[in-house]
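The block underneath contains the structure these notes are about, expressed in structure tokens.
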């Protein structure tokens, strides 16, 4: 019997599909970030300057938190872990890519 409970329908439409859209977009952006990082040999350039050195990106004058090359390494590692979590079928108990793509509504 189809579930017509208004609370479940609302949750599905406003929360589940919304977060699936964001996760789907994040997966695409994560791959793009890693592609650019690898193609630009960014890791080597960070190491050449020193991973502990601040990135001179204007943050000192515009109020953003300053970051180092090491911070970039940490974020890249987190992005790789996200992709591995979603796409590594060998350890997944469910097809995690489908878990994200089935409910999302904004087809890219």
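The values are calculated or read from the model by the stated rules, or taken from the named source; none is laboratory data. On a predicted model such as this, the values are computed, not experimentally measured, just so you know. Methodologically, a virtual Cβ is constructed for each residue, glycine included, from the backbone with ideal geometry; neighbour enumeration extends over all protein chains shown.
Condition check ((1) more than 22 Å from the chain's Cα centre (by Cα); (2) part of a helix (DSSP H, G or I)) across all residues:
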position: 23; (1), (2): no, yes
position: 30; (1), (2): no, yes
position: 33; (1), (2): no, yes
position: 46; (1), (2): no, yes
position: 52; (1), (2): yes, no
position: 65; (1), (2): no, no
position: 70; (1), (2): no, yes
position: 73; (1), (2): no, yes
(request) Return yes or no: is residue 20 in contact with a helix residue (DSSP H, G or I) (Cβ under 9 Å, 6 or more places away or on another chain), surrounded by 11 or more Cβ atoms within 10 Å (Cβ to Cβ) and at pLDDT below 95? (result) yes
(message) So, residue 60, is that one at pLDDT below 95 and either surrounded by 10 or more Cβ atoms within 10 Å (Cβ to Cβ) or within 16 Å of the chain's Cα centre (by Cα) (or both) or not?
(response) yes
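Considering the stretch 55-69 alone, what residues qualify as being out of contact with any helix residue (DSSP H, G or I) (no Cβ under 8 Å at 6 or more places or on another chain) and in contact (Cβ under 8 Å) with a residue 12 or more places away in the chain?
Of the stretch 55-69, the ones out of contact with any helix residue (DSSP H, G or I) (no Cβ under 8 Å at 6 or more places or on another chain) are 56-64, 68.
68 - this is the single residue of the stretch 55-69 that is out of contact with any helix residue (DSSP H, G or I) (no Cβ under 8 Å at 6 or more places or on another chain) and in contact (Cβ under 8 Å) with a residue 12 or more places away in the chain.
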(message) List pairs: first residue in the stretch 26-46 and farther than 11 Å from residue 76 by Cα, second residue exposed (fewer than 13 other Cβ atoms within 10 Å of the Cβ) anywhere in the structure, Cβ distance under 9 angstrom, at least six positions apart or on different chains.
(response) 28/108; 46/53
(request) State which residue is modelled with the lowest pLDDT when the search covers only the stretch 63-91 and only residues that are exposed (fewer than 14 other Cβ atoms within 10 Å of the Cβ) and farther than 16 Å from residue 34 by Cα. (result) 91
